[in-house]
Amino acid sequence: MSALARYFIHRGLVVAGYDKTPSTLTHQLEKEGMLIHYEEDIEEIPHVCKNPQSTLVIYTPAIPDTHKELQFFREKGFEIQKRAQVLERLHAVIKVFALQARMERPLLRRCVHT
């Protein structure tokens, strides 16, 4: 997820999300411009991410269906895609070569198209 977040940040989009616990990685992403919160709370979702017309919600299988923020986005009719779906869409448009040495922490991300 961090690579996707960085990709969208470098494309000039607002990227925000939830993680269960702060880490070195989440702090680095915040320094790079990502808006991250650590409480499962709809009020923590940035206002700019609450527009279904301009927000893409990306999540991993580690986020349960009972997650309050995921439920909020579903109920409000947001476009919601799993990380793998977004990677497939990007792969169809750009050439990618990537290696991953370890599993990253799961994040719920919202990428806002401005």
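So the values come out like this:
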read-out	value
Residue check, Glu43 touching a Phe, Trp or Tyr at 6+ places or on another chain (Cβ under 9 Å) and on the phi < 0 side of the Ramachandran plot	no
Where a residue in segment 76-89 is closer than 17 Å to Asp65 by Cβ and among the aromatic types (Phe, Trp, Tyr) and its partner, wherever it lies, is at pLDDT 90 or above and in a loop (DSSP other than H, G, I, E, B), with Cβ under 7 Å and at least six apart	Phe78/Pro52
Residue ID - surrounded by the most Cβ atoms within 10 Å (Cβ to Cβ), chosen from residues in segment 39-97 that are in contact with an Asp or Glu (Cβ under 8 Å, 6 or more places away or on another chain) and of a type in the set (S, T, N, Q)	Thr55
Filter result for Glu43 (modelled with pLDDT of 95 or more and within 18 Å of Ser2 (Cβ to Cβ))	no
Residue, modelled with the lowest pLDDT, within segment 77-93, restricted to residues that are under 16 Å from Ala5 (Cα atoms) and among the aliphatic types (A, V, I, L, M)	Leu90
Some residue of segment 53-74 being over 22 Å from Gln85 (Cβ atoms) and touching a residue at least 40 places away in the same chain (Cβ under 8 Å)	no
Residues located in segment 19-38, provided they are surrounded by 11 or more Cβ atoms within 10 Å (Cβ to Cβ) and part of a loop (DSSP other than H, G, I, E, B)	Asp19, Lys20, Pro22, Ser23, Glu32, Gly33, Met34, Tyr38
Check on Tyr38, farther than 14 Å from Val14 by Cβ, within 11 Å of the chain's Cα centre (by Cα) and not acidic (Asp, Glu)	no
Residue match in segment 67-86 (condition: in a loop (DSSP other than H, G, I, E, B), under 23 Å from Ser23 (Cα atoms) and of a type in the set (Phe, Trp, Tyr))	no
Hits in segment 39-66 - residues which are hydroxyl-bearing (Ser, Thr, Tyr) and in a strand (DSSP E or B)	Thr55, Tyr59
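The values are calculated or read from the model by the stated rules, or taken from the named source; none is laboratory data. Given the structure is predicted, the values throughout are model-derived calculations rather than measurements. Counting neighbours? That spans all protein chains shown, and the Cβs are built from the backbone with ideal geometry, glycine included.
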